[in-house]
Structure formats: C-alpha cells, structure tokens
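First the structure, in the form of structure tokens, and then the observations on it.
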C-alpha cells in the first residue's frame, strides 16, 4: 500500500462524508437554540448534494498533490509532486495532470492524459453514470457516519458566522459490516461546521487502533494515521476544499511497509459562467 493508494480514494470518501454531515441551509440560530440533531441533518445533507454539485460545476481549480514515502526515521525514500487542473461534471470531480515533479508532460503523455480525461468527461456527462457514482459516494457517507458519533457539541460565533464544533468518537454499539465502517470505528478527532450552510470547515482525525484488512494478510493501516481537511468559503458562497493532508504507516501483502505523508492544496480557482444562443437556422455538417 503506497502513499498514492491512500490519499485520493480514502481522503475523498472521508472528506465527502464529513462535508455532508450538515448541508442544508437553516435560519441563523440564537444562542438559546439547541444544537441540530446530526442524524436529521444528514438526511437533509444528502438531499442537498445535487444543488451543491451544480454550484461547484462552475469552478476550475489548480490542485497540487505532494505524496512522500519515508523510512521509519522520516528520511525520504520517494516523493511525487503532481500539478492538476480540477473541474466537475455532474458533480463528479475530474483531474487532468499538468506536470510531475516539476516537468511538464511529454506530447505522448499529454495525449494519453487528454484521452483519459475525455473518457471520464463523456462518461459522467451521462446523468445515469454520474448518478450511479454519487449514489455510491452517498452510501459510503452513510456507512461512515453510522459507525461513529459526534459528541460534546457546542456553538461559537466565528467571523460573524455560527460554527458548530464536535468531537468524533466511534459508536460503541455499532457492528461494522464493511471496510468504511471499520475505518470509522478506529478514528477519533474533531470537526467544525458552518451552521447556516452545513458545510465542513475543518476536520482533524487520527486512528487510535490498527485497521487490519483480510486479517492483516492483505494490508494494515497502523495506529496513528492522521488526516486533516479544511474547506474555504468562496465569495459567492460556494465551499471548496483548499487543504487535505495526512500521514501514516501502512503495510500491504506482507512485503511493503511504507511510512507515508501527503498534502493536497487547491488554489487559483476560477469561476466560469457560460450561456449559448443559437442565431439562425442550424446547418448540418459532415
């Protein structure tokens, strides 16, 4: 299990899960109002995902991924830095690699990358395919949240906005049925959420026990895996992830035992609007 295997799939699922905890717009609360019920807000959050996806689809951002594999003493064994353009198609994030380790892609690499991006774009331009993927992500969200609890909640006013703060702990009465739920049962941490929009502001979690896959024969994610995600509110009210980072110790298939860390930063986001008007009669072309 290398550094590149952990970051994207795992952090995307976890980030999506916590971003969806509270996602429906609610009136500005008063200090006397009780805190929202996370279970009820989750259902509103999932129902609001289509609206959020449509808003994000207007954005294109620059994403820099820095994945590093080290030895047990922290010495770098391998490092990969990729710069990507990221955009959304029917709510699905698609990235196109621009450079690796400071070198732009060769013409052959660029052509293959363009082909891959075009295939993904065409695939998710079909609403049916996009819906299947978002349904899968929603199920992963529910799996994660069903296996954990939010405790010690309180409300604070931060920069004029009401923010909810919670501790994250495993649900002691839940029996995990899949890998996502098993992962949720070995983590603890904190989360802060913008109450008006329900969007994740900051997530900081760490595994407190080893997570064994296939009884430890296939892979282990060792105690101490750390993940931090931060979202930033854009001027038009859309929230986008601007930082995702983490580190850990993992082993796969009895042989590979890397220590890894990763950092993904998102910036240079551009907001696009497009309209089209047909002028005159359409003419067929070959």
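Any read-out appearing in this document is the output of simple, stated calculations on the displayed coordinates, not a laboratory observation. Just so it is clear, the model here is predicted, and its values are computed rather than measured. FYI the Cβ positions are ideal-geometry reconstructions off the backbone, even for glycines, and counts take in every protein chain you see.
Annotations for the structure displayed:
- Principal axes of the range 85-146: Cα extent on each, largest first, Å: 45, 26, 14
- The distance linking the range 97-144 with the range 61-93 is 15 Å (Cα centroid to Cα centroid, whole angstrom).
- Square roots of 5 times each gyration tensor eigenvalue, C-alpha, the range 176-242, largest first, Å: 31, 11, 10
- With neighbour counts taken as other beta-carbon atoms within 10 Å, the residues 199, 57 rank, fewest first, as 57, 199.
- Ascending count of other beta-carbon atoms within 10 Å, so fewest first, for 236, 114: 236, 114
- Mean Cβ neighbour count within 10 Å, used as a protection proxy, ranking 170-177, 219-226 highest first: 219-226, 170-177
- Share of pairwise Cα-Cα distances greater than 24 Å in the range 117-264 is 47 percent (whole percent).
- Likely footprinting exposure, 73, 100, fewest C-beta neighbours within 10 Å first: 73, 100
- In the range 56-100, inverting the average of 1/r over every pair of distinct C-alpha atoms gives 12.1 Å as the Kirkwood radius.
- Scattering from the range 130-185 was approximated by placing one identical point on each alpha carbon and applying the Debye formula without solvent; log10 I(q)/I(0) at 0.14, 0.25 1/Å stands at -0.53, -0.89.
- For the range 53-178, the alpha carbon positions stretch 54, 48, 41 Å along the principal axes, listed from largest to smallest.
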